[in-house]
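Q: Okay, here's the structure, questions in a sec.
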Amino acid sequence: MSRHVIDVLRERGFIEQLTDEDALREALSQPATCYIGFDPTATSLHAGSLVPIMALAHMQQAGHRPIALLGGGTAMIGDPSGKTEMRMMLTLEDIERNIVGIKEQFARYLDFDDGAVLLNNADWLTGLNYIEFLRDVGVHFSVNRMLAAESYKMRLETGLNFIEFNYMLLQAYDFLVLNQQENCILQMGGNDQWGNIVAGVDLVRRVEAKQAHAVTFPLLTTSSGQKMGKTHKGALWLDAERTSPYEFYQYWINTEDPDVEKFLALLTFLPMEEVRKLGALEGAEIREAKQVLAFEVTRLCHGKDEALKARQASAALFAGGDAMADAPTFELPAASLAGGIDANVLFADSGLCKSRGEARRLITQGGGYVNGEKVEAFDTKITSADLDGGIVLLRAGKKKYMAVKPV
């Protein structure tokens with residue numbers, strides 16, 4: 001007998017909060033419809049969207065019907081949740097362009113030929129009659145309860161726009177429409193969405209006299225406190241044109257040791273027995289687990305061929321895949337790197353070269369590399385902008401490496 005999907009999600013680290021668990025388990029004991037909303041604020045989703053996408057994929061694998069809801073309507077307003085200032089408003093043209101770019105990314109994880117559905121809330125939000133909406137939906141909301149929600153509390157200190165104040169009503173209305181039209185009984189999302197999602201659960205109960213359900217996921221950060229999927233270049237995009245498969249692969253292979261097991265559980269479909277085995281590796285062996293993580297996440301996002309190419313390129317960069325595991329690490333104050341260091345000084349101070357003179361000659365003769373790219377001049381400034389996965393990788397010649405890590 002297959003395990004209940006709630007148990008699968010909980011074991012893999014997806015569940016932060018949920019409504020009445022016994023009732024939800026009963027509702028999911030047979031095929032059911034669930035949804036997660038994604039605001040199309042860019043032409044691509046980023047790595048921060050992988051947890052909700054994978055949750056929908058697990059739901060589909062368990063026999064349920066997932067809906068990926070694009071917020072073509074709500075993107076015109078902007079969700080204040082987790083934000084200290086108002087989002088930039090997008091035009092209809094911006095939103096349509098973004099939706100085109102995002103649609104194909106879902107298809108890598110969800111099977112739209114086998115029940116998965118892609119919808120756009122602009123289909124029912126943009127045609128709303130304001131007076132009717134206030135009478136039919138607004139009447140069910142208490143302003144006092146809305147102001148108590150965490151998503152609004154934060155913004156009250158800096159100023160909450162009335163347009164944004166309506167966001168909770170619109171998201172709740174999405175759930176009501178999907179319940180009425182698609183028999184959707186469950187909404188999932190990040191834990192910062194708890195107030196908005198529960199508002200939808202309550203609206204379905206009030207209008208339809210039906211029980212609906214909510215599940216939220218933890219908001220992920222790396223062990224060092226950085227938001228998952230953030231790099232020195234910005235977001236880690238799922239679009240190969242914005243973040244190459246190689247850069248994508250390198251991000252995951254440079255995962256901090258304590259995060260490897262967590263990301264393997266959340267972002268791959270590997271059995272948990274294998275996840276735990278890989279997560280238990282220590283020292284130089286943890287490199288093997290990182291290679292599995294990087295390959296599996298890249299394979300899901302960009303396909304097997306691109307994942308293989310990225311793995312081969314990474315292995316070539318690290319001299320057959322072994323150099324990085326054996327590369328010594330040089331730690332220096334983060335402030336020093338932020339201010340910028342001449343390349344020959346860093347090569348010498350890190351111990352990769354015996355002296356600054358030797359480092360200068362090495363770089364002048366074309367033998368110095370930073371993150372796999374040749375350093376053109378000995379006085380090229382190396383800064384925190386050169387960090388890739390938390391390190392700057394120096395190379396002298398073909399096989400001598402030094403991983404520079406700010407502390």
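Q: Counting only other residues whose beta carbon sits under 15 Å from that of ILE6, what net charge do I get with K and R as +1, D and E as -1?
A: That sum, taken over residues with Cβ under 15 Å, equals -3.
Q: Going by the alpha-carbon gyration tensor, a ≥ b ≥ c the square roots of its eigenvalues, is region 207-320 rounded (a/c under 1.5) or, if a/c is not under 1.5, prolate (a/b greater than b/c) versus oblate?
A: prolate
Q: With the crude spin-label approximation of a point 7 Å out along Cα→Cβ, what separation in nm comes out for VAL345 versus ALA23?
A: Simple spin-label model gives 6.4 nm for this pair.
Q: Here is a follow-up. Please list, ordered by chain and number, the residues whose modelled amide H lies under 5 Å from the amide H of CYS184; skip anything fewer than 5 residues away on the same chain.
A: Long-range HN contacts for CYS184: ASN179.
Q: Quote the Stokes-Einstein diffusion coefficient, in whole µm² s⁻¹, for region 5-217, based on the Kirkwood radius over alpha carbon pairs, a temperature of 25 °C and a viscosity of 0.890 mPa s.
A: Answer from the Stokes-Einstein relation: 140 µm²/s.
Q: Right, here's the next one. With springs connecting C-alpha atoms under 10 Å apart, model the chain as a Gaussian network and identify which of TYR249, TYR173, TYR369 has the largest mean-square fluctuation.
A: With Cα springs under 10 Å in the chain, the top fluctuation among TYR249, TYR173, TYR369 is at TYR369.
Q: Okay, helix-only estimate at 222 nm for the chain: each DSSP H run of n ≥ 4 adds -39500 (n - 2.57), divide by all residues, round to 500 deg cm²/dmol; what do you get?
A: Mean residue ellipticity, 222 nm, calculated: -13000 deg cm²/dmol.
Q: Could you pull the Rg and Dmax for region 329-407, using just the Cα atoms, both in Å?
A: 10.9, 31
Q: Going by Cα centres, region 112-132 and region 160-230 are how many Å apart?
A: Centre-to-centre distance over Cα atoms comes out at 15 Å.
Q: Something else: Angle, helix 167-182 long axis vs. longest principal axis of the chain, Cα atoms, 0 to 90°, nearest 10?
A: Computed tilt is about 70 degrees.
Q: Under 5 Å between amide hydrogens, which residues at least 5 positions from HIS46 or on another chain qualify, with H placed 1.01 Å from N in the peptide plane?
A: LEU238
Q: What relative contact order, as a whole-number percentage, does region 5-217 give when Cα pairs under 8 Å and 6 or more residues apart are counted?
A: Across region 5-217, relative contact order equals 28 percent.
Q: List LYS230, LYS374 from most exposed to least, where exposure is judged by having the fewest other Cβ atoms within 10 Å.
A: Going from least to most buried by this count: LYS374, LYS230.
Q: A further question follows. Give me a comma-separated list of calculated 3J(HN,Hα) values for region 345-355, in order, Karplus coefficients 6.51, -1.76, 1.60 applied at θ = phi - 60°, integers in Hz, x for any Gly or Pro.
A: Running phi through 6.51 cos²θ - 1.76 cosθ + 1.60 with θ = phi - 60° gives 5, 5, 4, 7, 4, 6, x, 5, 10, 6, 8 Hz.
Q: Whole-Å semi-axes of the chain's equivalent ellipsoid, largest first, each the root of 5 times a Cα gyration tensor eigenvalue?
A: 45, 24, 18
Q: From the Cα gyration tensor of region 100-237, with a ≥ b ≥ c the square roots of its eigenvalues, which class applies: rounded if a/c is under 1.5, or else prolate if a/b is larger than b/c, or else oblate?
A: Oblate, since a/c reaches 1.5 and b/c is not below a/b.
Q: Now for a different question. Pairing the Cα long axis of helix 50-61 with the longest principal axis of the chain, what angle in degrees results, from 0 to 90 and rounded to the nearest 10?
A: 60 degrees
Q: Under the 0.36 nm per residue contour assumption, what length would be gained going from the current alpha-carbon distance of GLU282 and GLN312 to full extension?
A: That pair, GLU282 and GLN312, stretches by 8.4 nm at full extension.
Q: Just to confirm a number: summing +1 for Lys and Arg and -1 for Asp and Glu over residues other than GLN61 whose beta-carbon lies under 13 angstrom from that of GLN61, what do you get?
A: Once all neighbours under 13 Å are counted, the net charge is +1.
Q: Taking the alpha-carbon distance from LYS400 and a cut-off under 25 Å, which lysines remain once sequence neighbours fewer than 8 residues away in the same chain are dropped?
A: Excluding near neighbours in sequence, the set is LYS290, LYS309, LYS354, LYS374, LYS381.
Q: Net charge near VAL392, counting Lys/Arg +1 and Asp/Glu -1 over other residues with Cβ under 10 Å of its Cβ?
A: -1
Q: Return a whole-number percent for the relative contact order of region 329-406, with Cα pairs under 8 Å and 6 or more residues apart as the contact set.
A: Normalised by residue count, the contact order of region 329-406 is 38 percent.
Q: Could you point to the residue in HIS302, GLY283, LEU264 farthest towards the positive end of region 230-324's charge dipole, with +1 and -1 charges on the Cβ of Lys/Arg and Asp/Glu respectively?
A: The listed residue farthest towards the positive side: HIS302.
Q: Between GLN30 and ARG135, what length in nm is gained on full extension when 0.36 nm per residue of separation is reduced by their alpha carbon distance?
A: Additional length available on full extension: 34.3 nm.
Q: Do you know the relative contact order of the chain, to the nearest whole percent, from alpha carbon pairs under 8 angstrom that are 6+ apart?
A: Worked out over the chain, it gives 15 percent.
Q: Quick one: putting +1 on the C-beta of Lys and Arg, -1 on the C-beta of Asp and Glu, what dipole do you get for the chain around its Cα centre, in Debye to the nearest 20?
A: 1020 debye
None of the figures in this text is laboratory data; all of them are computed from the coordinates on show. Because the structure is a prediction, the values reported are computed rather than measured. Positions of Cβ are backbone-derived with ideal geometry, glycine not excepted, and every protein chain shown enters the neighbour counts.
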